[in-house]
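Notes for the one structure printed next.
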Amino acid sequence: MGGIEDSEPPLKRVKGPLGESKSSPEDSSFTESLACSLGDVMARPLTSQGDGETIGLKGVIKRSEFIKIIARALYSLGYDKSGALLEEESGISLHSSVVDLFMRQVMDGKWDESVATLHKIGLSDEKAVKSASFLILEQKFRELLKMDKLSTALNTLRNEIVPLQINMSRVHELAACIISPSKSAILGLSGVDNEGAKSRSEFLTKLQKLLPPSIVIPEKRLEHLVESALDVQRDSCAFHNALDSDLSLYSDHQCGRNRIPSQTLQILEAHSDEVWFLQFSHDGKYLASSSKDQSAIIWEVKEDGQVSVKHMLTGHQKPVLTVSWSPDDQQLLTCGQEEVIRRWDVGSGECLKVYEKSGVGLISCGWFPDGKGIFAGMTDMSICLWDLDGKELECWKGQKTLRISDMAITDDGKRIISICSETAILLLDREAKFERWIEEDEVVTTFTLSKDNKFLLVNLINQEIHLWSIESDPKLVSKYKGHKRARFVIRSCFGGFEQAFIASGSEDSQVYIWHRCSGELLKALPGHSGAVNSVSWNPANLHMLASASDDRTIRIWGLGHLNIKHIDQSNGSVHHCNGRS
């Protein structure tokens with residue numbers, strides 16, 4: 001518009017010569033005024049304190065360091081002209097003339113000159129000077145070998161590298177390359193180098209790391225400072241529950257309580273009796289639930305977040321206690337109450353295998369980390385491991401489990417975890433045949449293993465949840481209180497960004513959410529009309545939480561203020577009803 005080409009940069013359009021425009025004198029006056037205004041903004045010096053040697057409101061940022069770091073970032077991003085212009089306009093050089101000379105000599109392969117210049121840079125640390133000299137002379141040695149100048153390379157090794165008297169093990173390796181060409185190949189010292197400039201550029205980057213930051217600004221220093229600032233903001237955000245991709249440099253980051261899933265988005269009503277357990281698949285695309293109605297259901301989580309019935313799994317003759325997803329989420333285990341374990345194909349809903357042991361009931365189940373076998377807790381207090389065909393591989397007798405017991409196995413397959421007595425949890429090392437215990441003062445009802453296998457979330461009969469570190473000797477880390485538990489088995493889970501939150505069911509029909517580190521109770525979510533037995537946080541969606549209740553429903557919690565949707569038992573269809581819980 002206005003006769004000016006849109007392809008021209010905005011500042012060019014504003015600051016161009018007035019004679020080139022066909023606008024009126026009044027327009028010219030306005031344009032000139034606007035140009036001056038923008039020019040003033042663009043040219044305004046950085047806010048400084050005192051004598052101008054520092055910038056920023058607190059006066060702790062040295063102006064010269066700040067400009068050098070920006071220049072370093074510009075060069076790293078490939079904006080060489082902008083970097084050079086910044087140096088020229090500010091009058092602050094990124095490097096001293098001696099350092100610039102040193103870098104040119106390295107890039108040109110003038111090794112002897114670069115060693116001499118290194119001593120003129122002014123390094124006070126003699127060890128750093130020797131280390132840098134060693135690296136330069138080793139590079140010289142490498143290039144001589146590549147040019148088959150063995151005599152000159154040997155002379156460099158004897159008369160230049162050895163006298164430094166450091167890193168003698170590396171000296172011996174270099175000497176071996178003179179004798180045996182195969183050693184040169186192993187150490188990467190032989191062959192024709194068709195990318196000499198690239199090789200020397202990489203070498204210079206490696207060499208610069210030996211020099212102090214005051215001499216050479218570290219690579220990506222500005223990026224490191226910005227990332228550190230974002231880390232501080234994220235760590236200080238009490239309700240942080242956002243992906244790193246959601247962080248922005250334009251404003252300080254702060255999550256509110258509204259980033260925690262606390263609104264009922266769907267009510268799933270396909271079970272005909274109490275829902276005892278539920279768990280999202282590892283990829284977050286499915287949800288499995290088990291019920292007193294002797295069935296389990298595989299639910300599909302659509303891309304828009306809507307959840308619908310995929311398969312109704314029937315065949316158990318008793319209530320289904322728990323479910324367990326295979327590592328690849330292609331299969332599902334269901335465990336009947338003191339009955340059998342069934343293995344299902346997630347795609348077809350077909351039962352692939354039934355696992356049972358004569359005279360013994362099964363009470364818990366799980367998968368080998370490689371998905372090639374399963375493990376189970378028995379009513380005779382033993383733990384058994386089977387391959388997928390049902391062949392027993394290992395069995396631990398004795399008081400390893402209780403009649404109502406959770407079990408877990410670490411991702412490396414080395415440790416099996418189970419409730420072994422009313423107040424103790426067993427950490428069994430399969431390889432070392434070593435046992436450790438978590439000892440509680442109150443009765444343990446359930447536990448959950450963290451995604452990184454370093455922590456255990458333990459539910460107790462006294463209405464407390466304890467967080468234990470299990471990396472080495474078990475250590476109590478934190479306690480969570482507020483939920484209600486008197487008669488039933490209530491389960492909790494980790495969830496949110498880096499599992500920074502703890503969620504739990506409760507007998508008062510609410511879902512409770514705590515901040516994992518501080519132990520602060522953040523939310524109590526009403527909506528169910530019966531005890532909430534189990535909760536599961538979607539590992540692929542930070543803002544999706546599911547809860548299972550004695551009221552025969554599953555609630556899907558999220559962030560939105562949407563109309564609640566009901567899915568009934570008859571055909572899995574979705575019914576809309578206005579209002580919020």
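The values are calculated or read from the model by the stated rules, or taken from the named source; none is laboratory data. All of these numbers come straight from a predicted model, not from anything done at the bench. No Cβ is skipped: glycine too gets one built from the backbone with ideal geometry, and neighbour counts run over all protein chains shown. SASA here: full protein model, heavy atoms, side chains in, ligands and nucleic acids out. Shrake-Rupley method; radii C 1.70, N 1.55, O 1.52, S 1.80 Å.
Scanning the stretch 236-243 for any residue that is closer than 30 Å to Val309 by Cβ, part of a loop (DSSP other than H, G, I, E, B) and at pLDDT below 90 turns up at least one such residue.
Kindly indicate whether Tyr75 is farther than 24 Å from Asn155 by Cα, at pLDDT 95 or above and among the aromatic types (Phe, Trp, Tyr).
Values: farther than 24 Å from Asn155 by Cα: yes; at pLDDT 95 or above: no; among the aromatic types (Phe, Trp, Tyr): yes.
Answer is no for this residue.
The residue pairs whose first member lies in the stretch 550-569 and is over 17 Å from Leu278 (Cα atoms) and modelled with pLDDT of 90 or more, whose second member is open to solvent by 50 Å² or more (accessible area, probe 1.4 Å) and not aliphatic (A, V, I, L, M), and whose beta carbons are closer than 8 Å, counting only pairs six or more residues apart or on different chains, are Leu559/Asn258; Leu559/Arg259. Scanning the stretch 147-169 for residues that are of a type in the set (A, V, I, L, M) and over 20 Å from Lys127 (Cα atoms) returns Met147, Leu150, Ala153, Leu154. On the stretch given as the stretch 446-472, residues that are over 19 Å from Glu520 (Cα atoms) and over 25 Å from the mean Cα position of the chain (by Cα) total 2. Among the residues of the stretch 459-491, those that are touching a residue at least 40 places away in the same chain (Cβ under 8 Å) and either in contact with a helix residue (DSSP H, G or I) (Cβ under 9 Å, 6 or more places away or on another chain) or surrounded by fewer than 14 Cβ atoms within 10 Å (Cβ to Cβ) (or both) comprise Lys479, Lys481. Applying a threshold of 7 Å to beta carbon distances and a minimum spacing of six or more residues, or different chains, the list of pairs starting in the stretch 139-157 at a residue that is over 13 Å from Leu174 (Cβ atoms) and ending at one that is open to solvent by 70 Å² or more (accessible area, probe 1.4 Å) and not acidic (Asp, Glu) reads Lys146/Val192.
Residues in the stretch 274-303 that are in a loop (DSSP other than H, G, I, E, B), over 16 Å from Gly349 (Cβ atoms) and open to solvent by less than 50 Å² (accessible area, probe 1.4 Å): Glu274, Gly284, Asp293. Scan the stretch 441-458 for residues that are open to solvent by less than 20 Å² (accessible area, probe 1.4 Å) and either more than 25 Å from Gln279 (Cα to Cα) or in contact with a His (Cβ under 7 Å, 6 or more places away or on another chain) (or both) and the total you get is 1. Every condition in (1) touching a residue at least 60 places away in the same chain (Cβ under 8 Å); (2) open to solvent by 20 Å² or more (accessible area, probe 1.4 Å); (3) among the aromatic types (Phe, Trp, Tyr) is met by Tyr250 except one, and the failing one is (1).
The rows are residues; the columns are (1) in contact with an Asp or Glu (Cβ under 8 Å, 6 or more places away or on another chain); (2) farther than 24 Å from Pro539 by Cα; (3) surrounded by fewer than 17 Cβ atoms within 10 Å (Cβ to Cβ).
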| residue | (1), (2), (3) |
| --- | --- |
| Ser326 | no, no, no |
| Gln331 | yes, no, no |
| Val340 | yes, yes, no |
| Phe368 | no, no, no |
| Ile374 | no, no, no |
| Gly390 | no, yes, yes |
| Glu394 | no, yes, yes |
